[in-house]
Structure formats: C-alpha cells, structure tokens
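In what follows, a single structure is set out as structure tokens and then discussed.
The values are calculated or read from the model by the stated rules, or taken from the named source; none is laboratory data. Since this is a predicted model, take the numbers as computed values, not measurements. Cβ coordinates were reconstructed from backbone atoms using ideal geometry, including for glycine residues, and neighbour counts include every protein chain displayed. Just so you know, the surface numbers come from the protein's heavy atoms only, side chains and all, with ligands and any DNA or RNA stripped out. Shrake-Rupley method; radii C 1.70, N 1.55, O 1.52, S 1.80 Å.
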Amino acid sequence: MPAPESESPVRLPVRAGFGRFLILVTVFVCAACGLVYELELVALASYLAGDSVTQASVVLSVMVFAMGVGSLLAKRLRCRAAVGFGAVEAVLALLGGCSAMALYACFAWCGQSRSALVGFSFAIGVLIGAEVPLLMTLIQRVRRQDPGGAVADLFAADYVGALVGGLAFPFLLLPAFGQLTGALVTGAVNAVAGGALVLWLFRRDLSARSRWALIVTNALVLALLAAGAVLTPSFERAARQAVYGPEVRVALRTGVQEVVLTGGRTRGRPLSLFLDGRLQVSGNDELRYHEALIHPAMAAGPHRRVLVLGGGDGLAAREVLRYAGVRSVTVVERDPEVVRLARRDPALSALNAGAYRDRRVRVVTADAFDWLRRRAAYDVVVCDLPDPGLTSSAKLYSQEFYGLAERVLAPGGRLAVHAGETGSRPRAYWTVDATMRSVGLRTVPYVVAARPSEDGPSDGGPAADGPTGEGPRDWGFLLAARTPPRLALARHGPRPRSLTPAGLDAARRAAGRSREPRLPPSTLMHPRYGD
C-alpha cells in the first residue's frame, strides 16, 4: 500500500538543504503577514470603537483561541499537507487583505463593526493556527530531523517574522500605504509566498487537478486584492461621506491620527473637525465650550504666561489672546498636521481668528505629559485634551500628570481642565476631581450645558462609537489652584459671548448635584476611568 503524502519522500527541484531554507523563509514571511493582520484589526477596532485596551484584548484573545482551533483542524490536512497549506494561505491572504476594508464598510454603512471584528479575528486566527502543523509536516518531508530541532527552527523563523511584521506595520505599511491599502498589500505578499512555495517547491507532489486549482485560486485572490487597491480611493471617499456626510473637505492620515474637516463653506454646514472619527470641534457650539474652559481661569488672577496642552485647532488660544495682559501663549500639540490646518485652512483659521499669526503664540510639537517634565512657570495651564474615558488619554488625567502640572504653576497660578460629561459619566468626572485633589490642588467644579448639534458629538465630548454617537449633554470643567480659586468672570476684561456671571454660578451649582464623594485617584498603574 503506498505511503500517505505526510510520510512519503518528497521530490524537490532543488537540494534538500535549500528546500528546507525556502520553507523557513516562507514561515518568516507568513508570520510577518499574520502579525500585520492582528495589528491591523487592533488598530482599526480601536479607531472605530474606541477603548484600545478592550479592543486589543478582544482581538488578541479571540485570535489566540482560534489559532488553537486551527491547529487541531490542520491535523485532518496533514495527509495532503502541500495542497492544504496552499489553500490555507490563499484564503488567509484574501480574508486578511480585505479585513480592514470590510470592517470599515460595516462601520460606515451598518453603524457598527464589533460583530465583523470578532468574525474576522476568529477566521484569521484559525487559518494562522493551521500554518505551523502543515509546515512542520512539509519540513520533515524535505529532510527528516529530530522533532524538537524542527520545532525550534520553525518557531525561530516564526518569531523573527512576527518581529519584522510588528515593526513594518507602524513604520512602513501605515505611513506608505495607510490601513486599507496596507492590508491589501500584505495579503498579496502572503498569497505570493504561500503559492510560490507549494506550486514550485512541491509541484511534483501535486496532481494536475490540484495544481490548476491552486493556480486559479491564487490568481483570483491576487486579482481581487489588486482590484481592492485600485478601488481604495473611491471606497474611502464613499465611506467617509457615509460616516461624516457629503461635505468632507479635508481627509488625511497623519503619523498620529486621522484628521477630517467637514463643512465650513459659505452657506453650507458649520465647520466640524474630527480626530480618529471623533468630533472635536463643531462650529455650532465650540464657542460655549472654549469660553467656559478659558475665561474663568483667566479671570481668577495673573495671566501673563499661559500654557495650552492640546488645543492644536487654535480655538483655546483665540480666547486666551482676548486678554490684553497676556505676554506669551505656549501651545503643546502632538500632531503638527492639526496645527498646520489651523493655520492654513480658511474656515478653521477664520474660526480661530488667526490665533497662530499672533507673535505671542509659540507652538511646540510634543506629548503633553513629557512637556510638563520641563522646569517652567505659568500663570494659567489649560488642559484642552480628549475625554478621560479614552484609554489613550488616561495618562493625561492621572495623579502623575497633575503632579507635574502643579509643579509648573507659578505662585497664584491656575489649572483649567475639561473633565468629560457629568450626565452620562459622573464617576469619571469626579474621579478627575479626586485625582487633582490628591496632588494638593483645590478645585472648583462647574458644568455647562451643551447646545444640541446636528453634527453629533460636540467639542470636547467624543462619541462612544465614532462620529455616529449622540454627543454629550454637558461639558464638565474643573478650575484648580494651590489655594481655593475664585470662579468668576473678569469685571474689566473681555466679555464672553455665551457665558454670564449668573450662568457661571448656575454651572457651579449644577456640578454639585452630581457629586460622587470618596473616589480614589487615577494613576498610571491603576487608571480608573473605565471602572
């Protein structure tokens, strides 16, 4: 009786040693592609659904479980390892390459992507898990060796490939191709590597029917991936219009985030600025937000030197510059492209009143946490930062962060913080308050109602699930200093257009109605905003 394929000697077109080397190279390439698929799913899920820790945990745990399932299922293919591996790589290339486009399509036209995320994570994990058992069979057929040594060689190539894929994703694929095209390119590399190994190195072991089936399958996969790459610009435009509306004027992927500007034209929709799918500026109500954030802090004492953390759109700086006593304004923004838009985009520049043309304004491209490590003294420090509920922002609402902020306050200096929405997340708001108090600051909380906006979430209140969220009902602020600060408006300074002394007093009383006492502070090692 003839021996099964998994045991019979293989007929190679090259020497056994070189054939074994080619298998290890294929392991390396497939491992790199597999890790790119994982990182692509994690990055896109975090962008579309927020909360990067939760999304990464879901993707990685589902994929690891699915890899175990795939390893078990691969046992049934060991008798025809070459054909099985070729089929697995073709399907993996198609699913992995198209996964980013499919998830974005689900989000744009169906309003959610979590089910698709779990489905793709499981399917891709099963296929990745099936690779190693099949490759183990193939490498043993090329040249028999101690099983332990073969496993060591395979996993060494697999881990090195994963390292290269993990580094290539943020430093090569994303900058050069973006998320959608980067995934398609990875799928093409995956299909070529798997198909070439089977159709050339193991071609003598394939029946004519199997050979032609793999050739047609791989050609179809590559054609679909190429078509996806060609159609990506049109797809992105259609998806953005489905998500943001028809008036998208600027859409770019920076080294930090995706930046989208909509509206702002004469007689059109008001300007809206989205960062990673979350609305940060709405022309309908940004004035209420920025006046409430800036004016109480500026009116409470000296304000010669002002530090704005975040606020690259220039709107916080606009309000600061209304005070004649200001001598310098330092804006610390991590994304220089946001500042560039604030300078050059006509609608955004008009909205911030040309703040960056003022000689008193200095822009620094840096992380706000790192910048506070510098020795400096500011009369007013403004934290115009993303919502504390976002995992990526948790460190900017930590005890360590406020300890650094307290250190840069000049005598009599004040710290103004946007701390999220009190209506839907009062615990997060009062955790910010407790965290600021834990470093010796005295705080005055106040809450300003957000005017309803047709654009979704209002400035300072990111949506829970991208730009389709309902937006906040209010903005919660905290004014802090080493001694109890005075919450008031300037008697002889610029008058806010949307805030009155009576309204500010009502804002202070409104905050007190949602108070949650005795909350522990949030730290870098124990962030509490997701509790």
All positions within region 32-57 that are open to solvent by 30 Å² or more (accessible area, probe 1.4 Å) and not in a helix (DSSP H, G or I): D51
Tell me, please, whether a residue that is in contact with a strand residue (DSSP E or B) (Cβ under 7 Å, 6 or more places away or on another chain) and part of a helix (DSSP H, G or I) can be found in region 399-410. yes
Specify the residue that is nearest to A368 (Cα to Cα); the eligible residues are those in region 232-262 that are charged (D, E, K, R) and within 17 Å of the chain's Cα centre (by Cα). E258
Specify the residue that is nearest to G178 (Cα to Cα); the eligible residues are those in region 240-253 that are assigned to a helix (DSSP H, G or I) and open to solvent by less than 40 Å² (accessible area, probe 1.4 Å). R240
Of the candidates R513, R482, R491, the one satisfying the condition of being open to solvent by 30 Å² or more (accessible area, probe 1.4 Å), at pLDDT 90 or above and not acidic (D, E) is R482
Report yes if some residue within region 220-233 is in contact with a Pro (Cβ under 8 Å, 6 or more places away or on another chain) and open to solvent by 10 Å² or more (accessible area, probe 1.4 Å); otherwise report no. no
Return the residues of region 14-57 that are more than 15 Å from the chain's Cα centre (by Cα) and over 19 Å from A196 (Cβ atoms); say none if nothing qualifies. L35, Y37
Which condition number in (1) open to solvent by less than 10 Å² (accessible area, probe 1.4 Å); (2) aliphatic (A, V, I, L, M); (3) at pLDDT below 95 is the one that A342 fails? (3)
Among the residues of region 315-336, is there at least one that is at pLDDT 95 or above, at positive phi and open to solvent by 20 Å² or more (accessible area, probe 1.4 Å)? no
Filtered residue count, region 478-507, keeping only those that are part of a helix (DSSP H, G or I), in contact (Cβ under 8 Å) with a residue 60 or more places away in the chain and more than 15 Å from Y429 (Cβ to Cβ): 1
Among L60, L92, L135, L77, the single one that is at negative phi, part of a helix (DSSP H, G or I), open to solvent by less than 10 Å² (accessible area, probe 1.4 Å) and at pLDDT below 95 is L135
Within region 213-259, the residues that are in contact with a helix residue (DSSP H, G or I) (Cβ under 8 Å, 6 or more places away or on another chain) and under 13 Å from L184 (Cα atoms) are V221, L222, L224, L225, A226, G228, A229, T232
State whether one or more residues within region 190-204 are within 21 Å of V29 (Cβ to Cβ), charged (D, E, K, R), part of a helix (DSSP H, G or I) and open to solvent by 20 Å² or more (accessible area, probe 1.4 Å). yes
Show the residue pairs meeting these rules: Cβ distance below 7 Å; 6+ apart or different chains; first residue within region 394-410 and open to solvent by 10 Å² or more (accessible area, probe 1.4 Å); second residue in a helix (DSSP H, G or I). K395/F369; K395/F401; L396/A368; L396/F369; Q399/T435
Sort out which residues of region 148-177 are under 16 Å from V42 (Cβ atoms) and open to solvent by less than 30 Å² (accessible area, probe 1.4 Å), and write them in order of number. A162, G165, G166, A168, F169, L173
Within region 357-384, how many residues turn out to be open to solvent by 50 Å² or more (accessible area, probe 1.4 Å) and in a strand (DSSP E or B)? 2
Residues of region 413-443 being hydrophobic (A, V, I, L, M, F, W, C), under 12 Å from R482 (Cα atoms) and in contact with a strand residue (DSSP E or B) (Cβ under 8 Å, 6 or more places away or on another chain), which ones? L415, M436, L441
If you go through region 263-298, how many residues are open to solvent by less than 10 Å² (accessible area, probe 1.4 Å) and within 20 Å of the chain's Cα centre (by Cα)? 6
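One line per residue, one yes/no per condition, for (1) open to solvent by less than 10 Å² (accessible area, probe 1.4 Å); (2) at pLDDT below 50; (3) not in a loop (DSSP other than H, G, I, E, B):
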{"residue": "G420", "(1), (2), (3)": "yes, no, no"}
{"residue": "G423", "(1), (2), (3)": "no, no, no"}
{"residue": "R427", "(1), (2), (3)": "no, no, yes"}
{"residue": "V439", "(1), (2), (3)": "no, no, no"}
{"residue": "R451", "(1), (2), (3)": "no, no, no"}
{"residue": "G469", "(1), (2), (3)": "no, yes, no"}
Only residues in region 508-531 that are under 16 Å from S424 (Cβ atoms) count as the first member; pair them with residues that are assigned to a loop (DSSP other than H, G, I, E, B), Cβ under 6 angstrom, at least 6 apart or cross-chain, and list the lot. S514/T422; Y529/P388; Y529/G389
Could you tell me which of the residues R237, R211, R141 is surrounded by 17 or more Cβ atoms within 10 Å (Cβ to Cβ), of a type in the set (K, R) and without any contact (Cβ under 8 Å) to a residue 40 or more places away in the chain? R211
Some residue of region 192-206 being closer than 29 Å to G255 by Cα and touching a Ser or Thr at 6+ places or on another chain (Cβ under 8 Å): no
